[in-house]
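Take a look at the structure set out below.
The values are calculated or read from the model by the stated rules, or taken from the named source; none is laboratory data. Since this is a predicted model, take the numbers as computed values, not measurements. Backbone-built Cβ (ideal geometry, glycine too); neighbour counts: all protein chains shown.
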Amino acid sequence: MEDQKRSRVVLAPCPDYEEEKVYRALREGLGLLGGIGAFAGPGERVLIKPNLVRRADVSRAVTTHPAVLAAVARLLREAGVTDVAAGDSCGIGTAADAAAGAGIQKALKPYGVPVIEFTGAGKIPFDGVQAGSFYLSREVLEADALINVCKMKTHALERVTGAVKNLYGCVHGLHKAKGHTQYPSADSFARMLVDLNRLVKPRLHIMDGIVAMEGNGPTSGDPVSMGVLLISEDPVALDSVFCRLIHLDPRMVPTNYHGEKMGLGFWQEENICLLTPGQDGPEELSMDEAVRRYGREAFRVDRRKARTGLWVRLARVFNLFQKRPYVDKNLCVKCGICVESCPVEGKALHFADGRKEPPVYDYKKCIRCFCCQEMCPHKAIKVK
């Protein structure tokens, strides 16, 4: 990242997921950055990293949409790239199952792009600001070029999940859950994510914001049309434009604030060059104009200011005034996935009487990582 150089973010409008519309929008958008060939070429092993957190119907906006992934695969093939795969390490189930549930395998098949399961490669030392090592997936380490294709969604811990957060899927299997216990606060977790981005160095970030998720994200929220694809080499700038579009101050998102502080990218508006395809070539948009055209002020996201200093320390000691998950008994089917996904030793929630009643929390153990809320497939866990 050069101090005097603004980070380019492309906003490519796209009204829906009709395959040709998505392909044209992505091709034109990438053209403003030099085309897909500027980020991957023939002879390289390319890995596409979508958001495949768990199996869910594509209409719920939980995963990256298959039409966006198909467009990326098609453009890579047209650029002469032959060694291409898509993969993830999911929170629940396998990447193949999550991809099949959303129709991703079917969409990628015409381009010969398999969906692979990330496997462990061992502990990788890293002299990070927050993290000293990562348990990375072998497929990530072996790739020449990593392309991050994330989803525009809300997140209980970090407010939003986008380009920076999506790379957490590069950490293998159960080590993702352990990471929540190692880095339990929003700030420490964000710094770890920034370290991870600095280690794996994706060449390109693409955000599927054609239909986003608002409310109880990243898996139990509600789909909402935003009609955009965001593209950038800078994940912090990309996530910051996402924040501007939903009228959220970018610095309120820990991955943005720490991302700029740690040298990963820029969140401040004056350091971002926002481009969009125009009739006569590239058009530079002011952030205000982008928000006017494509923003959504009513987007449901946590906008409350975080408490700091002595107040926070006292609140933690006395377990007061903190966000916490709770079970909506009217929606809970007692499947137990929330209990299984809890990373805390001894579990912070359990079934008190077999499975006759929904699980209950022991908030003295709960670290507020919201893994339970993220993994619940029935929208039964909410945050208050």
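A few points about this structure:
- Selection of the stretch 16-39 for residues being loosely packed, with under 14 Cβ neighbours inside 10 Å and within 18 Å of residue 66 (Cβ to Cβ) yields 16, 18, 20.
Residue-wise test of (1) closer than 25 Å to residue 368 by Cα; (2) out of contact with any helix residue (DSSP H, G or I) (no Cβ under 8 Å at 6 or more places or on another chain).
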{"position": "189", "(1), (2)": "yes, no"}
{"position": "194", "(1), (2)": "yes, no"}
{"position": "225", "(1), (2)": "no, yes"}
{"position": "238", "(1), (2)": "no, no"}
{"position": "275", "(1), (2)": "no, yes"}
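- Selection from the stretch 11-58 of residues that are out of contact with any strand residue (DSSP E or B) (no Cβ under 7 Å at 6 or more places or on another chain) and in a helix (DSSP H, G or I): 19, 20, 21, 22, 23, 24, 27, 31, 36, 37, 38, 58
- Members of the stretch 178-200 that are farther than 15 Å from residue 161 by Cβ, under 16 Å from the mean Cα position of the chain (by Cα) and not charged (D, E, K, R): 200
- Taking the criterion of being modelled with pLDDT of 85 or more and not in a loop (DSSP other than H, G, I, E, B), the residues of the stretch 314-326 that qualify are 325, 326.
- Qualifying positions in the stretch 327-381 - surrounded by 17 or more Cβ atoms within 10 Å (Cβ to Cβ) and assigned to a strand (DSSP E or B): 327, 349, 361, 381
Here is a yes/no grid of residues against (1) closer than 30 Å to residue 286 by Cβ; (2) touching a helix residue (DSSP H, G or I) at 6+ places or on another chain (Cβ under 9 Å); (3) among the small types (Gly, Ala, Ser):
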{"site": "12", "(1), (2), (3)": "yes, yes, yes"}
{"site": "49", "(1), (2), (3)": "no, yes, no"}
{"site": "69", "(1), (2), (3)": "no, yes, no"}
{"site": "80", "(1), (2), (3)": "no, yes, yes"}
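- Meets criteria (among the hydrophobic types (A, V, I, L, M, F, W, C), in contact with a helix residue (DSSP H, G or I) (Cβ under 6 Å, 6 or more places away or on another chain), outside the structural domain of residue 369 (by TED's automatic domain parsing) and surrounded by fewer than 23 Cβ atoms within 10 Å (Cβ to Cβ)) for residue 121: yes
- Strands (runs of 3 or more DSSP E) within the stretch 81-187 that include 1 or more residues closer than 18 Å to residue 68 by Cα: 83-88, 115-117, 145-155, 159-161
- Across the stretch 62-99, the number of residues qualifying as touching a Lys or Arg at 6+ places or on another chain (Cβ under 7 Å) and either without any contact (Cβ under 8 Å) to a residue 12 or more places away in the chain or on the phi > 0 side of the Ramachandran plot (or both) comes to 1.
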